[in-house]
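Engineer: Pasting a structure here, questions to come.
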Amino acid sequence: MSECQEDEKVETKEGEHDVKVEQELEEIKERLTQIETKLEQKSTSKRILKYMIIIFLSIFFLLFLIGIIQFVSA
């Protein structure tokens, strides 16, 4: 084979390798995007749950204090 043909084979192999690397990189980017979306959803759910618990406990203690005040004043 001539040097030109060998160079073409090397370039073809490198080109195929580059395509594989680009494809793997795109797959990794897509997976990262999916994971970030899932984490964002979990974070939102936890935040809502936290606020609901805080509101519930606040109302409970407010009613508890009102009950104590009524008991003491009676």
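Values in this text are rule-based calculations from the coordinates and carry no lab data. Computed from a predicted structure; not experimentally measured. Note that we place each Cβ from the backbone using ideal geometry, even for glycine, and neighbour counts take in every protein chain shown.
Engineer: Around Lys46, what is the net charge, scoring Lys/Arg as +1 and Asp/Glu as -1 over all other residues with Cβ under 15 Å from its Cβ?
Structural biologist: So the surrounding residues net to +3.
Engineer: Right, another one. Quick one: length gained pulling Glu30 to Leu57 fully straight, 0.36 nm per residue minus the C-alpha distance?
Structural biologist: My answer for the length gained is 5.6 nm.
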